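Worksheet: one structure, shown below.
The values are calculated or read from the model by the stated rules, or taken from the named source; none is laboratory data. Please read these numbers as outputs of a predicted model, since none were measured by experiment. All Cβ positions, even for glycine, are placed from backbone atoms using ideal geometry, and neighbour counts span all protein chains on display. Quick note on the areas: whole protein, heavy atoms, side chains included, nothing else; ligands and nucleic acids left out. Shrake-Rupley method; radii C 1.70, N 1.55, O 1.52, S 1.80 Å.
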Amino acid sequence: MSTTIHSIDAILVDIPTIRPHKLSMTTMGVQTMVIVRIKDSNGLEGLGEATTIGGLSYGPESPESIKLTIDSYLAPLLLNQPSNNINTLKVRLNANIRANHLAKSAIETALLDLNGKQQGLSVSQLLGGAIHQHLPVLWVLASGDTAKDIDEAQSMIAAKRHCVFKLKIGSRPVMEDVKHVAAIKAALGDSVSIRVDVNQAWDEFTATKGMQALQSAGIDWVEQPTPTKDFASLVRLSQKFTIPILADESINDATDGFQLAAAGFSGSYALKIAKSAGPIGALKLASVAQASGIGLYGGTMLEGTIGTVASLHAWSTLEKLHVGTEMFGPLLMKDDIVVNPLNYSNFGVEIPTTPGLGVEIDEDKLAFYRRK
Ligand code: MUC
Ligand code: MG
């Protein structure tokens, strides 16, 4: 007999970061996660997470609005429904609630975890099966200081934790940013891959100047140089330079992916479960990219372990991640709320194989860090 959804809780959890994390639009000192716990009528529990960056500075959903959306709108539509048909539950939510992809992603993740535990299958098995057991993970250098970033990168390389780095730029004048990036590239040498994420901070004129200089400095990728909705500039820039573009904020779901590809964009898409309303939507976007000759990147919203492992299960089912992954969110936080943190080693991370997501809440840690 199929079980029904018995309860849904959305909990705000605040964990300090190991150092200030400076992006073009905000500097983070704490990460706020919305942890979702869904219980079925047999008492089994599924875990999910919705996390964004810097309150409302990254996108239109804040942690507080995600909790309110789940408590007031999503949960009432799900309670007492059969728990074992995720597609039907998604149709029900989408028929009643527009957008709110982050809140929906946390719910879908918790349902996948629950269904996996019910059936004795890992989330990657539910999604068709893992092709990879270990995925590469880059590190983001974003202290705001060139010398500190170089030290940080060198210690990561020595510890075999990361050998690919992404630099957050866009808050300083373009040539100051290029100087900072070029100095780090020169210090780390040719064998180390460096990318930058501008997080929409440039207009097309500035991007043309910046990308030219970054290309000359040997930088490998430029992520989201121009604003979200400016598809035309992304297309023109992707055709003008050999340094490739990674589209991030511009691409939420399969429809965006189709439209940007149809407009003539070449490069890659950053997949994020949060942007696509969950792992299933992110894999649909991946299919559109694959059909369009666009590369794939496993992206993060700087989630903690629950959101990160859900993403990893999805990325593990993709044959090729052309630009690798950045699933380092748990490492940016001072502490974790799961019993067994992910195993980061050999410049990457291992994908758990136990039923569901393969992680368990540490109740004492959750009680300590939950917002009072
Ligand atoms: C983004 O835009 O890519 C990912 C890594 C990081 O430091 O910030 C996020 C968001
Ligand atoms: Mg980005």
Report the gain in length on full extension from residue 319 to residue 41: 0.36 nm times residue separation, minus Cα-Cα distance, nm rounded to one decimal. 96.4 nm
In this structure, the FRET efficiency calculated for residue 98 and residue 372 from their beta-carbon separation, with R0 = 41 Å, to the nearest 0.05, is 0.80
Stokes-Einstein D for the range 1-121 at 4 °C, 1.567 mPa s, Kirkwood Rh over Cα pairs, in µm²/s? 87 µm²/s
Return one whole number: the accessible area per residue of the chain in Å², for a 1.4 Å probe. 39 Å²
Could you look at the chain and say what percent of its accessible area is carbon and sulfur, using a 1.4 Å probe and all protein chains? 53 percent
Fraction of beta bridges assigned by DSSP in the chain that are antiparallel (%, nearest 5): 60 percent
Pairs 90/229; 104/209; 117/168; 22/160; 67/272; 148/229: which exceed 30 Å Cα-Cα? 104/209; 117/168; 148/229
Summing -39500 (n - 2.57) over the DSSP H runs of n ≥ 4 in the chain and dividing by its residue number, what mean residue ellipticity at 222 nm do you reach, to the nearest 500 deg cm²/dmol? -11000 deg cm²/dmol
Please list the equivalent ellipsoid semi-axes of the chain, computed as the square roots of five times the alpha-carbon gyration tensor eigenvalues, in descending order and whole angstrom. 34, 22, 19
Label-point separation (nm) for residue 350 and residue 190, each offset 7 Å from Cα along Cα-to-Cβ? 3.6 nm
Quick one: in the range 223-362, what % of C-alpha pairs are over 28 Å apart? 21 percent
What is the spin-label model distance, in nm, from residue 205 to residue 57 if the labels are put 7 Å beyond Cα along the C-beta direction? 2.6 nm
